[in-house]
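These notes concern the structure reproduced below.
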């Protein structure tokens with residue numbers, strides 16, 4: 001076995017041990033939830049793998065989705081009163097495979113009851129700093145808002161700039177803009193003009209995204225705009241984690257899911273079944289914040305590699 005491969009395997013094991021110690025010390029319970037679900041992820045930006053169950057009909061719906069995250073069953077546990085919990089496990093997303101993505105990867109997702117997304121973001125930074133210490137590296141930490149990040153990086157206000165101004169800021173990037181919406185242009189600016197310039201030794205938290213990017217987060221008015229109570233964590237030029245002050249309004253969440261389905265239909269994407277079990281439990285989910293962190297991306301930073309495949313035991317083309 002090549003030394004680099006053995007190093008990556010050992011480092012993954014050390015990281016798992018650190019994660020479990022980190023949460024044990026904080027009283028956060030590790031749980032395990034199903035990888036197969038009778039409902040899928042409605043997010044238009046994520047495609048799921050599906051399969052069919054060939055057993056007895058009384059076992060439930062035949063069509064099943066491989067989970068894209070453990071979020072929905074974890075929230076159902078929260079609704080039952082479990083309290084602080086986390087899961088470290090495999091998730092699946094049907095899309096790209098190569099240097100930056102793999103259809104099967106490991107996600108760390110955790111929920112903390114009674115705190116908001118800002119406090120949870122601080123805990124994310126604590127974990128990232130501890131992980132980088134495993135390889136003897138120090139990282140700086142910084143927190144900013146989505147608005148200030150755009151202003152500082154591109155001299156643009158993402159809430160007030162026109163669509164034409166957003167497109168002009170991408171003028172030197174070859175993009176097929178047909179059918180792209182405002183949020184698509186904002187995302188492209190982040191991935192093509194902002195992320196690549198982040199220092200490799202910086203762990204950056206970005207708060208207060210546009211309300212149109214709320215997903216499963218609450219929204220609030222902040223100064224002159226409405227923002228989503230969510231954050232992202234970047235380590236170097238790599239998006240590492242995505243967290244929310246969790247929405248527990250069933251009516252609002254159903255409306256968002258249905259809006260997702262309309263977008264999926266307009267794009268010609270596969271139909272997805274809404275998770276009715278989640279919606280039935282959502283109003284009982286306590287005030288909490290949750291976050292999902294990509295383990296392979298963290299390992300990439302720890303290994304100082306730009307190729308995600310270096311952080312995988314077997315990449316998709318070798319699985």
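The values are calculated or read from the model by the stated rules, or taken from the named source; none is laboratory data. This one's a predicted model, so the numbers in the text were calculated from it and none came from an experiment. As a convention, Cβ positions derive from the backbone with ideal geometry for all residues, glycine included, and neighbour counts pool all protein chains shown.
Those residues that are in contact (Cβ under 8 Å) with a residue 40 or more places away in the chain, outside any loop (DSSP other than H, G, I, E, B) and out of contact with any strand residue (DSSP E or B) (no Cβ under 8 Å at 6 or more places or on another chain), I need them from segment 58-77; list them, please.
The one that is in contact (Cβ under 8 Å) with a residue 40 or more places away in the chain, outside any loop (DSSP other than H, G, I, E, B) and out of contact with any strand residue (DSSP E or B) (no Cβ under 8 Å at 6 or more places or on another chain): 76.
Of the conditions (1) assigned to a loop (DSSP other than H, G, I, E, B); (2) out of contact with any helix residue (DSSP H, G or I) (no Cβ under 8 Å at 6 or more places or on another chain); (3) in contact (Cβ under 8 Å) with a residue 12 or more places away in the chain; (4) within 19 Å of residue 240 (Cα to Cα), residue 142 clears all except one; give me its number.
(1)
Take the conditions under 19 Å from residue 301 (Cα atoms), surrounded by fewer than 17 Cβ atoms within 10 Å (Cβ to Cβ), in contact with a helix residue (DSSP H, G or I) (Cβ under 9 Å, 6 or more places away or on another chain) and modelled with pLDDT of 95 or more and apply them to residue 18. Does it pass?
Considered against the rule, which asks whether it is under 19 Å from residue 301 (Cα atoms), surrounded by fewer than 17 Cβ atoms within 10 Å (Cβ to Cβ), in contact with a helix residue (DSSP H, G or I) (Cβ under 9 Å, 6 or more places away or on another chain) and modelled with pLDDT of 95 or more, residue 18 comes out as yes.
Any residue that is in contact with a strand residue (DSSP E or B) (Cβ under 8 Å, 6 or more places away or on another chain), in contact (Cβ under 8 Å) with a residue 40 or more places away in the chain and closer than 30 Å to residue 122 by Cα - is there at least one of those in segment 257-274? If you could, list the steps in order and put the result at the bottom.
As a first pass, look at segment 257-274 and keep what is in contact with a strand residue (DSSP E or B) (Cβ under 8 Å, 6 or more places away or on another chain): 270, 272-273.
Filter once more, so that each one left must be in contact (Cβ under 8 Å) with a residue 40 or more places away in the chain: 270, 272-273.
Still in the list and also closer than 30 Å to residue 122 by Cα: none.
Within segment 257-274, none of the residues are in contact with a strand residue (DSSP E or B) (Cβ under 8 Å, 6 or more places away or on another chain), in contact (Cβ under 8 Å) with a residue 40 or more places away in the chain and closer than 30 Å to residue 122 by Cα.
Taking segment 194-212 as the search range and keeping residues that are out of contact with any helix residue (DSSP H, G or I) (no Cβ under 6 Å at 6 or more places or on another chain) and assigned to a helix (DSSP H, G or I), which one is farthest from residue 301 (Cα to Cα)?
My answer is 211.
Out of curiosity, is residue 292 in a strand (DSSP E or B), under 20 Å from residue 48 (Cα atoms) and at pLDDT 95 or above?
When the stated conditions are applied, residue 292 passes them.
Kindly list, by first and then second residue, each pair from a residue in segment 26-37 that is at positive phi and outside any strand (DSSP E or B) to a residue that is surrounded by 13 or more Cβ atoms within 10 Å (Cβ to Cβ) and at pLDDT 95 or above, limited to pairs with Cβ atoms under 8 Å and residues at least 6 apart or on different chains.
Listed by first residue and then by second, the contacts come to 27/84.
Does residue 55 qualify as being part of a loop (DSSP other than H, G, I, E, B) and either closer than 25 Å to residue 124 by Cβ or touching a residue at least 24 places away in the same chain (Cβ under 8 Å) (or both)? If you could, list the steps in order and put the result at the bottom.
Numbers: part of a loop (DSSP other than H, G, I, E, B): yes; either closer than 25 Å to residue 124 by Cβ or touching a residue at least 24 places away in the same chain (Cβ under 8 Å) (or both): no.
Answer is no for this residue.
Would you pick out the residues in segment 227-250 that are at positive phi and either modelled with pLDDT of 95 or more or crowded, with 24+ Cβ neighbours inside 10 Å (or both)?
Within segment 227-250, none qualify.
Would you point out the residue of segment 156-182, among those that are loosely packed, with under 14 Cβ neighbours inside 10 Å and within 19 Å of residue 227 (Cα to Cα), that is nearest to the chain's Cα centre (by Cα)?
181
Could you tell me whether any residue of segment 110-118 is modelled with pLDDT under 95 and in contact with a helix residue (DSSP H, G or I) (Cβ under 7 Å, 6 or more places away or on another chain)?
No, segment 110-118 has no match at all.
What is the one condition in (1) touching a strand residue (DSSP E or B) at 6+ places or on another chain (Cβ under 6 Å); (2) over 30 Å from residue 13 (Cα atoms) that residue 166 does not satisfy?
(1)
Got a sec? Which of 121, 130 is in a helix (DSSP H, G or I), buried (at least 17 other Cβ atoms within 10 Å of the Cβ) and either touching a helix residue (DSSP H, G or I) at 6+ places or on another chain (Cβ under 6 Å) or touching a residue at least 24 places away in the same chain (Cβ under 8 Å) (or both)?
Details: 130 fails: buried (at least 17 other Cβ atoms within 10 Å of the Cβ).
After applying the criteria, what remains is 121.
Name, by its number, the condition in (1) surrounded by 13 or more Cβ atoms within 10 Å (Cβ to Cβ); (2) touching a strand residue (DSSP E or B) at 6+ places or on another chain (Cβ under 9 Å) that does not hold for residue 46.
Against the list (1) surrounded by 13 or more Cβ atoms within 10 Å (Cβ to Cβ); (2) touching a strand residue (DSSP E or B) at 6+ places or on another chain (Cβ under 9 Å), residue 46 comes up short only on (2).
Just to check your reading of the model, which residue among 251, 226, 220 is outside any helix (DSSP H, G or I), without any contact (Cβ under 8 Å) to a residue 12 or more places away in the chain and farther than 21 Å from residue 140 by Cβ?
Residue meeting the stated conditions: 220.
Quick one: residue 285 ticks every box in (1) out of contact with any helix residue (DSSP H, G or I) (no Cβ under 6 Å at 6 or more places or on another chain); (2) crowded, with 16+ Cβ neighbours inside 10 Å; (3) outside any strand (DSSP E or B) except a single one, so which number is it?
Condition not satisfied by residue 285: (1).
Condition (residue is within 20 Å of residue 319 (Cα to Cα) and at pLDDT 95 or above) applied to segment 95-103: is it met by at least one residue?
For segment 95-103, residues within 20 Å of residue 319 (Cα to Cα) and at pLDDT 95 or above: present.
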